[in-house]
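Notes for the one structure printed next.
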Amino acid sequence: DIDLFAKPALFHFISRILDRCMLRALAASGPQSVKPISLNLNIGSLFTPEFRRFDQVWQGAARPVIEIQIVDALTDTEAFAIARDDLRARGYPVLLDGLTPMHLSAIDVGGLQTDLIKVAWSGPQIAALRQRDPDLLRRCIERAGRDRIVLARVEAEEAITTAAGLGVTRFQGYYIDRLMKAMAAKRRL
């Protein structure tokens, strides 16, 4: 009956502990395959002994995408820039996470120079932006780099259709997972 999100600072503190536990476990097990994975980590976790050990074990093709929350990037832009540059120098793709369509219209996320930018699907926000300016979202996506945008929380075909119409080609979500399973099953037939 504890709402971890009720106290954002407490949740942030707990997530840093969880990051370190996860990094220790991943370093101990090593890469089990070369299937791509991603890790959503706090910026502070990237400067820990646990991350350094993880970095030693997960070399080459095993390098995961490192996801950093937009709130962390904007809270301490200097630490974010240092972490981003260090990660990229070591071969980790960096993804900016936790964005909505409204963020794209309010922040120059392309200027944060990440490899990927994850935006959560929100039909109501897209509708509101289109009502304000029908072409605003397309311009924001172009400015950020449409090949860098990943549309997340895709739960229906409408999200794919809308985003593809704006030039987005990367998708993530349960609907995509179901499509991939259906395509794999069809190939086995």
Selection from segment 175-186 of residues surrounded by 11 or more Cβ atoms within 10 Å (Cβ to Cβ) and without any contact (Cβ under 8 Å) to a residue 12 or more places away in the chain yields Asp177, Arg178, Leu179
Any residue in segment 7-31 that's under 14 Å from Phe54 (Cα atoms) and at pLDDT below 90: show its pairings with residues that are open to solvent by 90 Å² or more (accessible area, probe 1.4 Å) and not in a helix (DSSP H, G or I) at Cβ separation under 9 Å, as long as the two are six or more apart or on different chains.
-> Pro31/Gln59
Return yes when Leu39 is part of a helix (DSSP H, G or I) and either more than 29 Å from Gly111 (Cα to Cα) or at pLDDT 90 or above (or both) and no when it is not.
-> no
Just name the residue that is most open to solvent (accessible area, probe 1.4 Å) out of those in segment 21-53 that are farther than 19 Å from Arg84 by Cβ and basic (Lys, Arg).
-> Lys35
Of Leu129, Leu136, Leu189, Leu151, which residue is out of contact with any helix residue (DSSP H, G or I) (no Cβ under 9 Å at 6 or more places or on another chain) and either small (Gly, Ala, Ser) or free of Cβ contacts under 8 Å to residues at least 60 places away in the same chain (or both)?
-> Leu189
Where a residue in segment 160-174 is over 16 Å from Leu104 (Cβ atoms) and its partner, wherever it lies, is acidic (Asp, Glu) and part of a loop (DSSP other than H, G, I, E, B), with Cβ under 7 Å and at least six apart = Gly173/Glu155; Tyr174/Glu155
Look through segment 149-174, keep the residues that are hydroxyl-bearing (Ser, Thr, Tyr) and either touching a Phe, Trp or Tyr at 6+ places or on another chain (Cβ under 6 Å) or assigned to a helix (DSSP H, G or I) (or both), and return whichever of them is most open to solvent (accessible area, probe 1.4 Å).
-> Tyr174
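The values are calculated or read from the model by the stated rules, or taken from the named source; none is laboratory data. Source: prediction; values computed, not measured. Cβ sites come from the backbone with ideal geometry, for glycine too, and all protein chains shown count toward neighbours. Side chains are part of the model used for accessible areas, which takes the heavy atoms of the whole protein and leaves out ligands, DNA and RNA. Shrake-Rupley method; radii C 1.70, N 1.55, O 1.52, S 1.80 Å.
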